[in-house]
Amino acid sequence: MDVLATLLTLTVLAASGLILMRRYWTFLRANAGPIGLSLLCAAAVAAFLYLFYRTPGTEIGAAQPIPFSHRVHAGVKNIQCELCHPYVGQSLDPGLPPVEKCLYCHKVIIAGHPEILKEHHYFDTRTPTPWKKANYLAEHVVFNHQRHIKKELACKECHGQVETMDRIRGKYFYMHFCIECHRERKANIDCWLSCHN
């Protein structure tokens, strides 16, 4: 009796499944146009979002008030980072180049270029160049560049191949990035001694 009831139940379920499948296919055939259009719109939105957020052109970083090419300065001219970021070896803040630092070279090199003339304007009005920040760290983190330089850690370990970038792409440094690097180098990972003091 149980076997017969089970077979009867399975037969009813199979018949119900076939009826539902038939209705489903009928629904799909009747609404193929709107369904296809919806899928096409979803694909177009996904493609737009990909192109907007992931294409190489979006990774060039923020435009600066004076176009500064790290590729030219650090790459082609092979100028060391410390020349323009003077405090990197002595303080927590690497320092951005003051107007005088730029004009040290550019009083002679392409001195009449319109962008260099902008720099002269900043100098003449005693206004610091309003460089835009590229790299971000949480406010509660104390990062010491000096410690890392003393350990002979190259700038590109954290900042990437800046000598290949016209504009710095910038980065938000999350905790996992620092911890992975410290673990690889067997450096201190005690929170209060390392970064949060």
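The values are calculated or read from the model by the stated rules, or taken from the named source; none is laboratory data. It should be emphasised that the depicted structure is a prediction, and the values quoted were computed from it without experimental measurement. Please note: Cβ atoms are built from the backbone with ideal geometry, for glycine as well, and neighbour counts cover all protein chains shown.
Could you check region 70-98 and list, in sequence order, the residues that are under 22 Å from H145 (Cβ atoms) and of a type in the set (V, I, T)?
I79, V88
Checking Y122 against (1) within 30 Å of E152 (Cα to Cα); (2) modelled with pLDDT of 90 or more; (3) of a type in the set (S, T, Y), which test does it fail?
Condition (1) is where Y122 drops out.
So P114 ticks every box in (1) touching a helix residue (DSSP H, G or I) at 6+ places or on another chain (Cβ under 8 Å); (2) exposed (fewer than 10 other Cβ atoms within 10 Å of the Cβ) but one. Which box is left unticked?
Only one criterion is unmet by P114, namely (1).
For a quick check of your reading: which helices (runs of 4 or more DSSP H) sit entirely within region 1-111 and have at least 2 residues that are over 30 Å from Y172 (Cα atoms) and more than 25 Å from the chain's Cα centre (by Cα)?
Qualifying helices (runs of 4 or more DSSP H): 2-30, 32-54, 99-106.
Residue by residue, here is whether (1) over 18 Å from the mean Cα position of the chain (by Cα); (2) at pLDDT 85 or above; (3) within 25 Å of V76 (Cα to Cα) holds:
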| site | (1), (2), (3) |
| --- | --- |
| M165 | no, yes, yes |
| R169 | no, no, yes |
| I179 | yes, yes, no |
| R185 | yes, yes, no |
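Just name the residue that is nearest to P67 (Cα to Cα) out of those in region 152-172 that are among the charged types (D, E, K, R) and free of Cβ contacts under 8 Å to residues at least 12 places away in the same chain.
Step by step, filter region 152-172, then rank; the result is K156.
Filter the helices (runs of 4 or more DSSP H) completely within region 123-197 down to those with at least 1 residues that are exposed (fewer than 13 other Cβ atoms within 10 Å of the Cβ) and among the charged types (D, E, K, R). Step through it out loud before you land on a result.
On the way: elements: 145-150, 156-159, 175-184, 191-194.
Hits in region 123-197: 145-150, 156-159, 175-184.
Just a yes or no: is a residue in region 28-41 surrounded by 13 or more Cβ atoms within 10 Å (Cβ to Cβ), charged (D, E, K, R) and out of contact with any Lys or Arg (no Cβ under 6 Å at 6 or more places or on another chain)?
Taking every residue of region 28-41 in turn, none turns out to be surrounded by 13 or more Cβ atoms within 10 Å (Cβ to Cβ), charged (D, E, K, R) and out of contact with any Lys or Arg (no Cβ under 6 Å at 6 or more places or on another chain).
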